[in-house]
């Protein structure tokens, strides 16, 4: 029996993803309609939130990056005939590797060295975490789907344990690590471009100063309440109420 001819490349990498997206939106629309709402309105809200503003597009790219690279980890295994469903745990351990290296070396190395080193640390930690199920599959015959699923939960437990017992600063109630050194951070710019340019060039001569307005407030830098309100317009009411005073200055 002759084998079916492979699909043309333009269909495989272009048409099929679009078809999958269309089917996903159709199914979601059916669900939205079933619960009594307008599918078109839901789609409009979805697109406006994800792509309707610079901030929305930035968040879409921010969250999509993790999924893209985790998906690539699954795709590489698929090409080898294996189903690596442990991308979540491998990504979590990659994040742990970034945190450990940033806390260990962040204050000693410049950003031009530190940032590529953090990328390398994430790759190595994720690889080592994936190597254990790979070993069990190759040498012990353990099913890779079962082991990689289990390792997702192990990764979550390990991260939680290390955060609570080792990485959390003494006296802190928040389940988070100590802050990374500035050389280990790729700063985020938020708010209106004109306002940011004003603060970065006129009042924030030190280029190392964090441009996020709530950190500026935390650092004791005076910011006009009107400007801060505009820069924080998309944050929750909680942040607005706690960060902004009724005064002219905050």
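Laboratory data are not the source of any read-out in this text; all were calculated from the coordinates shown. In this text the structure is predicted, and so the values were computed from the model without any measurement. Cβ atoms come from the backbone with ideal geometry, glycine included; neighbour counts cover every protein chain shown.
Some notes on this structure:
- Full extension of the chain segment joining residue 115 with residue 22 gains 29.7 nm, where the gain is 0.36 nm per residue of separation less the Cα-Cα distance.
- Highest mean packing first, where packing is the average number of other Cβ atoms within 10 Å per residue, the peptides 71-79, 111-119 line up as 111-119, 71-79.
- In this simple spin-label model, placing a label point 7 Å from the Cα along the Cα-to-Cβ direction at both residue 55 and residue 181 gives a separation of 3.3 nm.
- Nearest-0.05 FRET efficiency for residue 127 and residue 161, computed from C-beta distance (R0 25 Å): 0.70
- Modelled label reach - residue 153, point 7 Å along Cα→Cβ, region 60-95 residues with backbone N closer than 16 Å: 85-90
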